[in-house]
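Written out below as structure tokens is the structure these notes cover.
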Amino acid sequence: KKASIGVTGLAVMGRNLARNLARHGHTVALHNRSEERTRKLVEEFGDEGEFIPAYSAREFVDALERPRQIVIMVKAGGPTDAVIEEFAPLLEQGDVIIDAGNAHFADTRRREKALRERGLHFVGSGVSGGEEGALHGPSIMPGGSKESYQSLGPLFEDISAKVDGEPCCTHIGADGAGHFVKMVHNGIEYADMQLIAESFDLLRGAAGYAPAEIADVFRTWNTGRLDSYLIEITSEVLKHVDASGSPFVDVVEDAAEQKGTGRWTVQIGLDLGVPISGIAEAVFARSLSGSKPLREAARGLGGPSRAPLSGAALETFADDVEQALYASKVVAYAQGFNQIQAGAAEYGWDIDLGRVAAIWRGGCIIRAKFLNDITSAYAEEPALPTLLTSGGFRKAVEDAQDSWRSVISTAVRLGIPTPGFSTALAYYDGLRADRLPAALVQGQRDFFGAHTYRRVDREGSFHTLWAAEDRSEVDA
Ligand code: NDP
């Protein structure tokens with residue numbers, strides 16, 4: 001019997017993906033650069049399903065049904081290219097190579113083109129949910145050709161997470177679309193985590209709640225519109241008391257790390273000219289937290305005297321923070337979906353944004369009830385310019401705005417940093433403004449660099465002769 005799919009790269013992610021496939025009744029060929037991982041997988045989990053271990057590239061390829069489907073789960077970057085080069089020469093027209101690692105979508109585009117020219121399908125697939133997701137059902141975002149999805153789709157849908165009976169896997173779009181969408185997913189994840197962290201900081205710093213009390217607040221929020229995996233785990237983390245007797249959150253060094261996908265999202269956002277300020281602030285907030293010498297040097301800088309909240313303001317504060325968190329979260333997701341739209345326009349992908357939200361409802365880190373509302377918003381209006389103008393979100397954010405503004409002013413008054421909340425509100429106010437001071441910026445640019453400007457009352461480009469006595473205007 002031959003295998004319907006093979007997995008090469010059997011570290012934690014590859015191993016769990018292979019086990020997930022086997023547990024669903026698929027025969028899985030196994031391969032890893034060093035033989036030990038392959039042997040160990042069969043020894044430890046061989047009874048979970050049908051595995052065909054292979055100890056050479058040739059043996060691996062020969063173990064597969066046609067069209068052959070090879071999932072590569074190795075360290076992203078050079079190793080992925082090395083593994084592709086190891087297998088591509090052994091494959092035949094129509095076979096499919098799937099890179100399920102965390103590749104940059106530009107690498108995926110390059111690899112797809114090169115392999116297409118050699119008659120092979122290359123699918124860059126985002127896989128979210130970490131090792132647990134890989135084993136029990138991840139959210140899967142495959143790109144590549146439609147044709148490749150015909151054979152791969154049923155397998156991936158089978159092993160993906162399910163929500164309301166629907167698989168959390170869909171064909172995203174051509175070449176790098178899957179890895180692009182996974183990248184934005186991670187960017188949104190950064191923003192969401194930062195907003196939740198700011199909520200905690202405010203509840204503690206402005207309202208004096210203890211971590212365990214904040215855990216309860218989050219648990220309550222998790223029964224409402226903020227119901228999500230991230231809120232749930234936040235509550236767990238805050239509740240945890242360390243062996244030393246201190247709240248866990250107080251013994252952890254306050255320097256957040258990152259592996260790079262958030263940074264990619266921001267870099268690409270800049271390239272595409274999409275204002276994804278919520279994601280950017282979240283990445284910068286991690287950088288600031290990790291800037292130890294800088295923070296050390298600045299520690300004594302003066303701030304406001306803190307008179308924490310009392311009376312009525314204190315009483316409503318947790319509800320106000322919930323509103324601020326919700327509104328800021330809508331902004332972060334709106335920005336992320338706009339980035340996907342911009343990427344699709346730039347690279348010619350046909351991406352169904354509502355489906356993207358739907359497959360993020362399970363398996364991945366940002367899974368949340370909230371995503372159903374995004375799916376509905378795009379179902380009602382597929383070309384929606386921003387989530388903020390869709391009926392439900394519009395009303396919710398308008399209703400939240402008084403609390404949102406009040407929470408941010410409290411933060412400013414007390415000197416509690418809320419880059420995520422603040423940038424989200426600035427974005428909202430910027431979008432809805434009748435006039436922006438960009439008009440003045442255009443004037444400055446024309447003054448020092450003759451960069452020209454357009455007028456509100458006439459077509460054309462103009463330049464003012466700033467050095468001339470009469471500052472007359474000329475067509476440019
Ligand atoms: P690692 O990223 O730690 O990679 C280890 C695997 O890569 C091993 O199988 C190793 O083989 C193989 N490898 C490294 N270099 C080469 C090479 N030059 N040629 C052949 N094989 C090589 O494994 P993970 O399981 O953590 O992650 C796999 C992929 O999944 C990565 O791209 C990662 O970014 C992505 N990912 C990881 C998530 C996670 O939570 N860990 C979540 C989502 C995606 P050997 O055993 O011989 O050393």
Checklist entry - If the Cβ limit is 8 Å and pairs must be 6+ apart or interchain, which residue in the stretch 70-88 that is more than 13 Å from LEU115 (Cβ to Cβ) pairs with which residue that is within 6 Å of the ligand (Cβ to nearest atom) and open to solvent by 30 Å² or more (accessible area, probe 1.4 Å)? => result MET73/ALA11; MET73/MET13; VAL74/ALA11; VAL74/ARG33; ALA76/ASN102
Checklist outcome for this item: Subset of the stretch 55-70, residues within 15 Å of the ligand (Cβ to nearest atom) and in contact with an Asp or Glu (Cβ under 8 Å, 6 or more places away or on another chain), comes to TYR55, ALA57, ILE70
Checklist outcome for this item: When GLY14 is run through (1) touching a helix residue (DSSP H, G or I) at 6+ places or on another chain (Cβ under 7 Å); (2) within 15 Å of MET73 (Cβ to Cβ), the failure sits at (1)
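Applying the selection to the stretch 124-170, what residues are assigned to a loop (DSSP other than H, G, I, E, B) and open to solvent by 30 Å² or more (accessible area, probe 1.4 Å)?
Our first condition is that a residue be assigned to a loop (DSSP other than H, G, I, E, B); within the stretch 124-170, this holds for 129, 137-138, 143-145, 160-161, 164-165, 168, 170.
Once the filter is applied, which keeps residues that are assigned to a loop (DSSP other than H, G, I, E, B) and open to solvent by 30 Å² or more (accessible area, probe 1.4 Å), the stretch 124-170 yields SER145, ASP164, GLY165.
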Item to check | Residues of the stretch 84-106 satisfying the condition of being acidic (Asp, Glu), more than 11 Å from the ligand (Cβ to nearest atom) and open to solvent by 50 Å² or more (accessible area, probe 1.4 Å) | outcome: GLU92
Checklist entry - Mind checking which pairs have a first residue in the stretch 385-397 that is surrounded by 15 or more Cβ atoms within 10 Å (Cβ to Cβ) and a second that is in a helix (DSSP H, G or I) and of a type in the set (Val, Ile, Thr), Cβ under 6 Å, 6 or more apart or different chains? => result PHE393/VAL330; VAL397/VAL330
Next on the checklist: Just checking, does the stretch 104-115 include any residue being in a loop (DSSP other than H, G, I, E, B) and touching a residue at least 24 places away in the same chain (Cβ under 8 Å)?
Outcome noted: yes
Checklist outcome for this item: Those residues of the stretch 236-289 which are under 21 Å from TYR333 (Cβ atoms), away from the ligand (no atom under 16 Å from the Cβ) and of a type in the set (Ser, Thr, Tyr) amount to SER277
Checklist entry - If you go through the stretch 353-389 one residue at a time, how many are closer than 18 Å to ALA342 by Cβ, assigned to a loop (DSSP other than H, G, I, E, B) and of a type outside the set (A, V, I, L, M, F, W, C)? => result 4
Next on the checklist: Given the criteria β-branched (Val, Ile, Thr) and closer than 30 Å to TRP349 by Cα, does VAL249 qualify?
Outcome noted: no
Next on the checklist: Just checking, does the stretch 336-347 include any residue being assigned to a loop (DSSP other than H, G, I, E, B) and surrounded by 21 or more Cβ atoms within 10 Å (Cβ to Cβ)?
Outcome noted: no
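Check every one of the helices (runs of 4 or more DSSP H) wholly within the stretch 185-289 and list those with 3 or more residues that are crowded, with 20+ Cβ neighbours inside 10 Å, touching a residue at least 40 places away in the same chain (Cβ under 8 Å) and touching a helix residue (DSSP H, G or I) at 6+ places or on another chain (Cβ under 8 Å). So that I can check it myself, show each step before the final result.
Values: elements: 211-221, 229-239, 248-251, 261-272.
Filter on the stretch 185-289 gives 261-272.
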Item to check | Which numbered condition GLU117 fails, given (1) within 15 Å of the ligand (Cβ to nearest atom); (2) closer than 22 Å to ILE172 by Cα; (3) among the charged types (D, E, K, R) | outcome: (1)
Checklist outcome for this item: Picked from the stretch 128-141 (must be of a type outside the set (Gly, Ala, Ser) and under 16 Å from HIS26 (Cβ atoms)), the residue nearest to the ligand (Cβ to nearest atom) is PRO138
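For the stretch 457-476, does any single residue satisfy the condition of being modelled with pLDDT under 95 and either in contact with a helix residue (DSSP H, G or I) (Cβ under 6 Å, 6 or more places away or on another chain) or open to solvent by 50 Å² or more (accessible area, probe 1.4 Å) (or both)? If you could, list the steps in order and put the result at the bottom.
Residues of the stretch 457-476 that are modelled with pLDDT under 95, as a first pass: 476.
Those left that are additionally either in contact with a helix residue (DSSP H, G or I) (Cβ under 6 Å, 6 or more places away or on another chain) or open to solvent by 50 Å² or more (accessible area, probe 1.4 Å) (or both): 476.
Yes, the conditions are met somewhere in the stretch 457-476.
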Checklist entry - How about the stretch 47-83: which of its residues are open to solvent by 10 Å² or more (accessible area, probe 1.4 Å) and under 28 Å from LYS259 (Cα atoms)? => result MET73, VAL74, LYS75, ALA76, GLY77, GLY78, PRO79, ASP81, ALA82, VAL83
Checklist entry - Would it be correct to say that LEU431 is modelled with pLDDT of 95 or more, at negative phi and touching a Phe, Trp or Tyr at 6+ places or on another chain (Cβ under 9 Å)? => result no
Next on the checklist: I'd like the full set of residues that are under 29 Å from the mean Cα position of the chain (by Cα) and exposed (fewer than 14 other Cβ atoms within 10 Å of the Cβ), limited to the stretch 290-318.
Outcome noted: SER291, LYS292, LEU294, ARG295
Next on the checklist: Which count do you get for residues in the stretch 238-270 that are within 18 Å of HIS179 (Cα to Cα) and in contact with an Asp or Glu (Cβ under 9 Å, 6 or more places away or on another chain)?
Outcome noted: 2
Item to check | Selection count where residues are within 15 Å of the ligand (Cβ to nearest atom) and either open to solvent by 40 Å² or more (accessible area, probe 1.4 Å) or farther than 24 Å from THR80 by Cα (or both), scope the stretch 12-43 | outcome: 11
Checklist entry - Given the conditions (1) open to solvent by less than 40 Å² (accessible area, probe 1.4 Å); (2) not in a helix (DSSP H, G or I), and given that ASP350 satisfies all but one, which numbered condition is not satisfied? => result (1)
Item to check | Every pair of residues 6+ apart whose Cβ atoms lie under 7 Å, when the first sits in the stretch 32-51 and is over 15 Å from GLY9 (Cβ atoms) while the second is open to solvent by 80 Å² or more (accessible area, probe 1.4 Å) | outcome: GLU48/ARG23; GLY49/ARG23
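The values are calculated or read from the model by the stated rules, or taken from the named source; none is laboratory data. Given the structure is predicted, the values throughout are model-derived calculations rather than measurements. Cβ: placed from backbone, ideal geometry, glycine included. Neighbour counts: every protein chain shown. Only protein heavy atoms, including side chains, enter the accessible area calculation; ligands, DNA and RNA are left aside. Shrake-Rupley method; radii C 1.70, N 1.55, O 1.52, S 1.80 Å.
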